[in-house]
1. Collect the residues in segment 45-65 that are assigned to a helix (DSSP H, G or I) and either crowded, with 16+ Cβ neighbours inside 10 Å or within 14 Å of the chain's Cα centre (by Cα) (or both), keeping them in residue-number order.
2. Report, ordered by the first and then the second residue, all pairs with beta carbons closer than 6 Å, sequence separation of six or more or different chains, a first member in segment 68-87 that is closer than 11 Å to residue 32 by Cβ, and a second member that is part of a loop (DSSP other than H, G, I, E, B).
3. Does residue 83 satisfy the condition of being assigned to a helix (DSSP H, G or I) and either modelled with pLDDT of 95 or more or more than 24 Å from residue 25 (Cβ to Cβ) (or both)?
4. Anything in segment 18-44 that is surrounded by fewer than 14 Cβ atoms within 10 Å (Cβ to Cβ) and part of a helix (DSSP H, G or I)? List them, or say none.
C-alpha cells in the first residue's frame, strides 16, 4: 500500500532520534560554543539541561559552570532558558 503524502509530511516533522553518546560529547566538549549549542538543543527538546553528563559530586564541574556563565552572559539567551538555568542552579545549590 502506498504511503500518503500526509504521512510523509508527518514523518518529516518528527525530531531525530536522541543519540545519548553524541549529546554527551557535545555537552562536555572543550569548546564553550559547542557546549552552549548542545545545552540549548537539549533544553529545547527536553525542557531541562544535561547536568548528569558532569561529575558534580564535589562541586560544580568547571565546564558546566562555564557553560552556565556563558549562557547567562549571552543577550540572545531566552527567558525560558534563563528560567531553566535558574532551576538547575537551585537544584545543584549554586549561585
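1. Across segment 45-65, the qualifying residues are 45, 46, 51, 52, 53, 63, 64, 65.
2. Within 6 Å, the pairs are 71/77.
3. Considered against the rule, which asks whether it is assigned to a helix (DSSP H, G or I) and either modelled with pLDDT of 95 or more or more than 24 Å from residue 25 (Cβ to Cβ) (or both), residue 83 comes out as yes.
4. 20, 21, 22, 25, 33, 44
The values are calculated or read from the model by the stated rules, or taken from the named source; none is laboratory data. It should be emphasised that the depicted structure is a prediction, and the values quoted were computed from it without experimental measurement. Virtual Cβ from ideal backbone geometry, glycine too; neighbours counted across all protein chains shown.
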